[in-house]
Amino acid sequence: MTDNLSRRAYRHRPLMVFVSAMAVLAVVCAVGILADQRVLTGVPIWLKPFKFSVSFVLYGGTLVWLLSLLRRRSRVAEWAVTVVVAMGVVEMVIIVGQVLRGTTSHYNETSPVNAVLWQLMGVAIMVLFVAHVVIGVAVLRQPIAGRAGRYAIGLGLGLAALGMLVAVPMTLPDQASVIEGVAGAHSVGVPDGGPGLPLVGWSTTGGDLRIGHFVGLHGMQVLPILALLLSRFAGGALDERTRARLLLVVGVGYGAATVLLTWQALRGQPLLRPDTLTLAAAAALAVVTVAAAGAVLARHRFSATTVEHRPAGPGEQRAAGPRDGRVAGDERAEVTA
């Protein structure tokens, strides 16, 4: 994975332009949050485009890195990335445009124009999801150096897809059936726009479906980063297979946590105020994940001990080389080279 990171990234021009534009937009929106005093659904009106632009920077930047892993160009992956960029542009144009109009973009059916824009956003997200899956398949069809790296990338892409899927309940009309002209909501049990956590705005009085959505999406960055950390700091102590197994344990646990957070939100519970059942489920997940990781490490230690204490066979003794400390011809050539 370290070798792949050092490789010069393939330049997908539309993606690079999009990521750069989103970075600039994030700065503009940050200024808007400070300079524009308007409030929409209980938060600064520029907060939503700010969060979406930052999210697209992270997502697009990760795609740039994934394209750099391909040893051969994949036209399917390139076309899928182009579709992602196009759908991202559609999303952001509508979100920013609605802010400039002083109204909401999501779930807004208060007028024919707003309804069409919201439906267009829904179509764009579905197309983006399909393109994301295509990118994942195209990337994983090509050889990736290291089993741990392959696990990290595959699991990360899968977790991001899961994060997209757990957002589906937000779009159901019965999420906000008591509010005229609103089709769907982030919050469960309380109206959108109530008290929320700083910056992210997740509800502190009811469930919030954005939490599982956020956690799942960023598995795409968490798993590869974890793989890099394991390689950097534990590469000498843990072999490739053990690191891959640890990533599998963490990935499954991460996915289960995403589902658990979504289940908690659907039951109308704030993130920081879970009930006994949610706490029990979280504790069970933590115990199982830690136990599985411990089993992987124990298996590695057992295998290492077995190999260390296994008597060397005649062939292995002969292969050990000269006993007088002299360097053989081939070895001398390698050393001097």
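Rolling a 1.4 Å probe across the protein heavy atoms gives the range 210-251 an accessible surface of 44 Å² per residue. In this simple spin-label approximation, residue 55 and residue 277 carry label points 7 Å from Cα along the Cα→Cβ vector, and these lie 2.8 nm apart.
Got a sec? What order do 254, 59, 151 fall in by accessible area at 1.4 Å, biggest, i.e. largest, first? Write down the numbers at each step before the final one.
Values: 254 45, 59 25, 151 85 Å².
Ranked list, largest accessible area first: 151, 254, 59.
Say R0 is 45 Å: what FRET efficiency, to the nearest 0.05, do residue 137 and residue 37 get from their beta-carbon distance?
Working: r = 47 Å, r/R0 = 1.04.
With R0 = 45 Å, the Cβ-Cβ based efficiency is 0.45.
Comparing Cα centroids, the range 182-246 and the range 57-131 end up 20 angstrom apart.
Order the peptides 117-129, 240-252 from the highest to the lowest mean number of other Cβ atoms within 10 Å of their residues. Kindly include the intermediate steps, with their values, before the conclusion.
Numbers: 117-129: 17.1, 240-252: 20.3.
Ranked by mean Cβ neighbours within 10 Å, highest first: 240-252, 117-129.
Counting only heavy atoms of the protein chains, get the accessible area per residue of the range 11-116 (1.4 Å probe) and round it to a whole Å² value. Write down the numbers at each step before the final one.
Values: 5190 Å² over 106 residues.
Result: 49 Å² of accessible area for each residue.
Accessible area per residue (1.4 Å probe, heavy atoms of protein chains only) ranks 272, 266, 238 as 272, 266, 238, with the largest value leading. Taking amide H atoms as placed 1.01 Å from N in the peptide plane, the amide H of residue 188 lies under 5 Å from those of 207, 208, 209, each 5 or more residues away in sequence or on another chain.
Computed from the Cβ-Cβ distance with R0 of 41 Å, the FRET efficiency linking residue 306 to residue 225 stands at 0.80. Rounded to 0.05, the FRET efficiency of the residue 204 and residue 299 pair, given R0 = 41 Å and the Cβ-Cβ distance, is 0.45. Compared with the direct C-alpha span, the chain from residue 82 to residue 68 gains 3.5 nm at full extension, assuming 0.36 nm per residue. Note on residue 288 and residue 123: the model spin-label points, each 7 Å out from Cα along the C-beta direction, lie 4.1 nm apart.
Taking 0.36 nm per residue of sequence separation and removing the Cα-Cα distance, the residue 263/residue 100 pair yields an extension gain of 55.2 nm.
The values are calculated or read from the model by the stated rules, or taken from the named source; none is laboratory data. Small disclaimer: the values here were computed from a predicted structure and weren't measured. Cβ: placed from backbone, ideal geometry, glycine included. Neighbour counts: every protein chain shown. Surface areas here come from the heavy atoms of the whole protein model, side chains and all, with no ligands, DNA or RNA. Shrake-Rupley method; radii C 1.70, N 1.55, O 1.52, S 1.80 Å.
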